[in-house]
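Asker: To start, I am sharing the structure in question, which I have written as structure tokens.
The values are calculated or read from the model by the stated rules, or taken from the named source; none is laboratory data. Not measured: the values here are computed from a predicted model. No Cβ is skipped: glycine too gets one built from the backbone with ideal geometry, and neighbour counts run over all protein chains shown.
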Number of protein chains: 2
Amino acid sequence: MKELEQRILSEGKNLGNGILKVDGFINHQVDPMLMNACGRELAQAFAGIGATKILTAEISGIAPALATAMHLGLPVVYARKTKPITMPDQVYLTLAPSHTKGRMVELIVSPEYLGGGEKILIIDDFLASGSTIHGLVRLTQTAGSTVVGIGTLIEKTFEGGRRALQALGIPIISLAAVASLENDTITFA
Amino acid sequence: MKELEQRILSEGKNLGNGILKVDGFINHQVDPMLMNACGRELAQAFAGIGATKILTAEISGIAPALATAMHLGLPVVYARKTKPITMPDQVYLTLAPSHTKGRMVELIVSPEYLGGGEKILIIDDFLASGSTIHGLVRLTQTAGSTVVGIGTLIEKTFEGGRRALQALGIPIISLAAVASLENDTITFA
């Protein structure tokens with residue numbers, strides 16, 4: 001998606017160690033027009049897969065998942081990283097390593113909103129190593145539902161997440177694919 | 001807003017101790033059509049106040065703030081509760097008590113995205129005691145900017161948050177005002 005790639009080039013920052021900072025328009029400050037355009041693009045890409053619900057992970061997955069959900073007219077569930085007091089005692093929980101936090105984080109979904117027989121579209125901001133998305137796949141499968149598609153705003157192809165997810169045999173779409181962050185540049189695939 | 005009130009009555013759950021569970025359409029699972037309608041309503045209410053940016057707090061403020069931002073065409077910044085590695089060392093930080101977490105939480109904003117001279121519209125899911133919103137007001141004022149409006153989806157009028165915020169002399173709008181959660185019922189103001 002040209003609009004997103006151009007924004008990454010003009011406002012993204014390569015912080016080194018494979019970290020791409022997009023805090024100015026995706027992760028801390030959000031450009032709602034760009035996010036809406038990304039949601040429209042992901043909705044078009046997944047219009048034909050018969051998804052019944054969108055699943056993402058707090059925090060930075062919420063904006064792209066909501067924007068996509070608005071265009072598909074599907075409910076969106078965001079996995080929590082801490083269990084709020086409003087959640088029942090029995091939940092679906094899995095652990096996933098967080099690279100930006102440097103530790104394992106919990107991904108928690110209430111069985112009230114992730115039941116069996118759903119066709120789940122997973123949306124997140126980044127596809128890097130794929131560990132968060134793998135966690136969302138595990139939650140979906142544990143609930144007796146099926147993941148039918150995976151969509152992200154930005155893929156870091158050099159972290160290999162796509163390779164590990166391809167065994168699912170479902171469409172995996174990213175709107176901007178960064179092939180390299182070496183030598184202080186941002187190179188798209 | 002009738003649509004939101006009806007949804008609270010049909011799907012909200014009074015958990016006792018003043019806790020209203022809206023996890024099925026606002027806080028864990030999100031109904032994107034309802035959220036979009038709430039965003040439109042808040043955008044109309046605040047169309048004339050000259051806001052230049054929307055400020056909210058992760059996690060559950062993100063959806064209503066983004067929906068409002070889409071209709072106003074304004075950038076939205078969400079205060080983080082943990083500092084990501086992409087954030088600079090020097091940040092604006094304040095502490096606010098979280099009733100649903102039962103402890104103090106940090107609200108952190110990067111000076112990159114909250115500077116001086118901005119007119120800030122604060123959007124959140126709940127106005128209860130007002131402690132999170134007070135935290136966002138402190139962050140705004142510390143950055144040299146001004147809060148020009150406060151909008152929330154649901155107000156719990158019996159927690160008194162509005163009273164404490166009225167000294168700011170700015171419009172405070174909630175789309176559904178719950179006056180009481182006593183006797184296992186939900187009563188609107």
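Asker: Among the candidates A:I173, A:I150, which residue alone is in contact with a Gly (Cβ under 6 Å, 6 or more places away or on another chain), modelled with pLDDT of 95 or more and of a type in the set (A, V, I, L, M, F, W, C)? Walk me through it before giving the result.
Answerer: Values: A:I150 fails: in contact with a Gly (Cβ under 6 Å, 6 or more places away or on another chain).
Testing whether each residue is in contact with a Gly (Cβ under 6 Å, 6 or more places away or on another chain), modelled with pLDDT of 95 or more and of a type in the set (A, V, I, L, M, F, W, C) leaves just A:I173.
Asker: Which one is surrounded by the most Cβ atoms within 10 Å (Cβ to Cβ) among residues in region B:18-29 that are more than 18 Å from A:V91 (Cα to Cα) and of a type in the set (A, V, I, L, M)?
Answerer: So the residue we want is B:I26.
Asker: Which of the residues that make up region A:4-37 are of a type in the set (D, E) and not in a loop (DSSP other than H, G, I, E, B)? Quick ask: steps written out before the conclusion?
Answerer: So in region A:4-37, the residues of a type in the set (D, E) come out as A:5, A:11, A:23, A:31.
Within region A:4-37, A:E5, A:E11, A:D23 meet the criteria.
Asker: Further question on the same structure: Go through region A:171-185 and give me each residue that's within 18 Å of A:H99 (Cβ to Cβ) and assigned to a loop (DSSP other than H, G, I, E, B).
Answerer: A:L181
Asker: Having 3 or more residues that are in contact with an Asp or Glu (Cβ under 8 Å, 6 or more places away or on another chain) and in contact (Cβ under 8 Å) with a residue 12 or more places away in the chain is the bar; report the strands (runs of 3 or more DSSP E) wholly within region A:99-170 that clear it.
Answerer: Result: A:146-156.
Asker: If I ask for residues that are hydrophobic (A, V, I, L, M, F, W, C) and touching a residue at least 40 places away in the same chain (Cβ under 8 Å), which ones from region A:171-189 would you list?
Answerer: A:I172, A:I173, A:L175, A:A176, A:V178, A:L181, A:I186, A:F188
Asker: Considering each of B:L34, B:L42 in turn, give the residue that is surrounded by fewer than 24 Cβ atoms within 10 Å (Cβ to Cβ) and under 16 Å from B:E5 (Cβ atoms).
Answerer: Exactly one of B:L34, B:L42 is surrounded by fewer than 24 Cβ atoms within 10 Å (Cβ to Cβ) and under 16 Å from B:E5 (Cβ atoms), namely B:L34.
Here's the yes/no breakdown for (1) in contact with a Leu (Cβ under 9 Å, 6 or more places away or on another chain); (2) surrounded by fewer than 20 Cβ atoms within 10 Å (Cβ to Cβ); (3) farther than 23 Å from A:M35 by Cβ:
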residue: A:A79; (1), (2), (3): yes, no, no
residue: A:K83; (1), (2), (3): yes, yes, yes
residue: A:D89; (1), (2), (3): no, yes, yes
residue: A:A96; (1), (2), (3): yes, no, yes
residue: A:T132; (1), (2), (3): yes, no, no
residue: A:G149; (1), (2), (3): yes, no, no
residue: A:A167; (1), (2), (3): no, yes, yes
residue: A:L175; (1), (2), (3): yes, no, no
residue: A:N183; (1), (2), (3): no, yes, yes
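Asker: Something else about it: Hey, any hits in region A:77-98 for a residue that's in a strand (DSSP E or B), more than 16 Å from the chain's Cα centre (by Cα), modelled with pLDDT under 95 and facing chain B (nearest Cβ under 10 Å)?
Answerer: Looking for residues that are in a strand (DSSP E or B), more than 16 Å from the chain's Cα centre (by Cα), modelled with pLDDT under 95 and facing chain B (nearest Cβ under 10 Å), one finds none in region A:77-98, hence no.
Asker: State yes or no: is B:L66 within 12 Å of the chain's Cα centre (by Cα), within 25 Å of B:V105 (Cβ to Cβ) and in contact (Cβ under 8 Å) with a residue 60 or more places away in the chain? Step through it out loud before you land on a result.
Answerer: Values: within 12 Å of the chain's Cα centre (by Cα): yes; within 25 Å of B:V105 (Cβ to Cβ): yes; in contact (Cβ under 8 Å) with a residue 60 or more places away in the chain: no.
No.
Asker: Another question, if that's okay. Please specify each residue of region B:132-179 satisfying the condition of being among the charged types (D, E, K, R) and closer than 27 Å to B:V30 by Cβ. Full working, then the answer.
Answerer: Going residue by residue through region B:132-179, those that are among the charged types (D, E, K, R) are B:138, B:155-156, B:159, B:162-163.
Passing the criteria: B:E155, B:K156, B:E159, B:R162.
Asker: Next question. Listed residues B:L72, B:L15; which is farther than 25 Å from A:M70 by Cα and either surrounded by fewer than 20 Cβ atoms within 10 Å (Cβ to Cβ) or at the interface with chain A (Cβ under 10 Å from one of its Cβ atoms) (or both)?
Answerer: Of B:L72, B:L15, the one residue that is farther than 25 Å from A:M70 by Cα and either surrounded by fewer than 20 Cβ atoms within 10 Å (Cβ to Cβ) or at the interface with chain A (Cβ under 10 Å from one of its Cβ atoms) (or both) is B:L15.
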